[in-house]
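Enquirer: Take a look at the following structure, please.
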Amino acid sequence: MTTTLKLTLHKRGGGYETRRFPNASTLRFEDASEMARGVFRLSAESSSLAFRYRDNEGDIITVNTSEELHEAFEIVSRSGAPSLKADLIVIDA
């Protein structure tokens, strides 16, 4: 099963930063979000987060619950991909 999560944060001034989270397939969405906040240095008070990935049918899927994150890992794993690649979406409060 695919267990690595690769999150990419697209920065407002341009550019991006990508981080790997190994053994992430069993994490709750809330835990994965907190890990992302830490490595990307995002404030917990000012925004909420979501992840977006491309599924096996080519659709862009937004994830913001544990159930959706686990489903994303299952879909990517069935496709044979080595990791779940997703964009980190910062939703300003």
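The values are calculated or read from the model by the stated rules, or taken from the named source; none is laboratory data. These figures come from a predicted structure and were not determined experimentally. Every residue, glycine as well, gets a Cβ built from its backbone with ideal geometry; the counts of neighbours run over all protein chains shown.
Enquirer: Of the residues in the range 43-93, how many are more than 15 Å from Thr2 (Cβ to Cβ), of a type outside the set (Asp, Glu) and part of a helix (DSSP H, G or I)?
Expert: Residues in the range 43-93 being more than 15 Å from Thr2 (Cβ to Cβ), of a type outside the set (Asp, Glu) and part of a helix (DSSP H, G or I): 1 in total.
Enquirer: Let me ask something additional. Counting just the residues of the range 7-42 that are among the basic types (Lys, Arg) and surrounded by fewer than 16 Cβ atoms within 10 Å (Cβ to Cβ), which one comes out modelled with the lowest pLDDT?
Expert: Arg12
Enquirer: Shifting gears a bit: Does the range 78-88 contain at least one residue that is surrounded by fewer than 13 Cβ atoms within 10 Å (Cβ to Cβ), out of contact with any helix residue (DSSP H, G or I) (no Cβ under 8 Å at 6 or more places or on another chain), modelled with pLDDT under 95 and basic (Lys, Arg)?
Expert: The answer is yes, given that some residue of the range 78-88 is surrounded by fewer than 13 Cβ atoms within 10 Å (Cβ to Cβ), out of contact with any helix residue (DSSP H, G or I) (no Cβ under 8 Å at 6 or more places or on another chain), modelled with pLDDT under 95 and basic (Lys, Arg).
Enquirer: If you go through the range 12-28, how many residues are assigned to a loop (DSSP other than H, G, I, E, B) and closer than 22 Å to Glu71 by Cβ?
Expert: 7
Enquirer: Quick one: which residue in Glu45, Glu67 is out of contact with any helix residue (DSSP H, G or I) (no Cβ under 9 Å at 6 or more places or on another chain) and either exposed (fewer than 12 other Cβ atoms within 10 Å of the Cβ) or without any contact (Cβ under 8 Å) to a residue 12 or more places away in the chain (or both)?
Expert: Testing whether each residue is out of contact with any helix residue (DSSP H, G or I) (no Cβ under 9 Å at 6 or more places or on another chain) and either exposed (fewer than 12 other Cβ atoms within 10 Å of the Cβ) or without any contact (Cβ under 8 Å) to a residue 12 or more places away in the chain (or both) leaves just Glu45.
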